[in-house]
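Encoded as structure tokens, the structure appears first; notes follow it.
Every number in this text was worked out from the coordinates using simple rules, so none of it is lab data. All of these numbers come straight from a predicted model, not from anything done at the bench. Please note: Cβ atoms are built from the backbone with ideal geometry, for glycine as well, and neighbour counts cover all protein chains shown.
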Amino acid sequence: MSNQIIFYDVSIQSSVRANKGYAPNTLPVRYALNYKKLPYKTVWIEYHEIEPVAKKLGAKGTRFKPNGDPWYTVPLIHDRSTGVVMSESSDIVQYLDKQYPSSPRVITPGTLAFETAYYRYFQTGVMAKWPGPIHQYLYETISPEAAAFIKGLREAALGDTLVNIAKDPQSHWDAYKDALSRVALPVYEKAEGIFLKGNQPGWADFVTASALLSIKLLYGADSKEWKYIETWDNGRWTKLIKDLEPYAHIDE
């Protein structure tokens, strides 16, 4: 079936630019779908639309809000060939590898433990340092409905106002840089190919690249934020993004 997989991703209706596919948590699944050459169609939704769409599809919450209610997130897929609805990026990738074994595997046999450990380490060590100014930037540029949603959710989760969270922006970017250098760079320095497991990319590569490509897509290639990132670790991360370009296609 053509476009048998429906992939729900975030679209930002920004006053600065129309931006699709920037989200660091959805980009790894897009990389995986393209790498596996699976037919899929993207359905673009805004932040405030995620929960109603997820509930309509019967998806489960991936975590809990500060008030204890389920927190519905993207990525989200609906595989129309099997009827499966699934969220949480690591679960989606494992499902795709199992359901479509004739396509290239994102998590090759014998590497699940490594991929899972790296993913968790990266989430707690790097993504936990996601620069605070990004939240304020989103709030100031996206549609009013999505902005109100982001403001309420992020302030509740982070325990402060977006304005306060974004103070001293350079320190946020420096902390993110240091986290990548501490967590990801030592692993990549031991790699025996252009990717972590050789000359074919895997889940860890998609996760790492997404944490940086998302900023390029959000702010723009000419932004001071991206120009700063290009200098990190002697250009190691911009090279990774370049090497993964064949799998970064965003369908319209």
Protection proxy ranking of 205-212, 231-238, 68-75 - average other beta-carbon atoms within 10 Å, highest first = 205-212, 68-75, 231-238
query = What would the Debye formula give as log10 I(q)/I(0) at q = 0.15 Å⁻¹ for the alpha-carbon point model of the chain, no solvent?
reply = -1.16
key: Alpha-carbon Debye profile of region 194-238, log10 I(q)/I(0) at 0.26, 0.27 Å⁻¹   = -0.92, -0.96
query = Between 149, 64, 122, which gets the highest mean-square fluctuation from a Gaussian network model of the chain, Cα cutoff 10 Å?
reply = 64
request  = Give me the orientation-averaged projected area of the Cα convex hull of region 5-99, in nm², one decimal.
outcome  = 6.6 nm²
key: Assigned charges on the beta-carbon of Lys, Arg, Asp, Glu; the chain dipole about Cα centre (debye)   = 380 debye
inquiry  = If neighbour count is taken as other Cβ atoms inside 10 Å, put 223, 87 in order from fewest to most.
reply    = 223, 87
ask   = Which order do 168, 97 fall in if you start with the one that has the fewest other Cβ atoms within 10 Å?
value = 168, 97
request  = Counting only C-alpha contacts under 8 Å and six or more residues apart, can you give the relative contact order of region 5-99 as a whole percent?
outcome  = 32 percent
remark   = the chain, Gaussian network, Cα under 10 Å: of 95, 31, 22, the residue fluctuating most is 95
inquiry  = Let's see if you can work this out: charge +1 on each Lys and Arg Cβ, -1 on each Asp and Glu Cβ, no other charges. What is the dipole magnitude of region 112-247 about its Cα centre, in debye to the nearest 20?
reply    = 160 debye
note = For region 132-252, the percent of all C-alpha pairs falling in each 5 Å bin, from 0 up to the bin holding the max distance, is 2, 10, 18, 20, 17, 15, 11, 6, 2, 0
note = Counted neighbours (other Cβ, 10 Å), sorted fewest up, put 249, 135 in the order 249, 135
Within the chain, helix-based [θ] at 222 nm, where runs of 4 or more DSSP H residues each add -39,500 (n - 2.57), nearest 500 = -14500 deg cm²/dmol
query = Relative contact order for the chain: what is it in percent, counting Cα pairs under 8 Å that are at least 6 residues apart?
reply = 23 percent
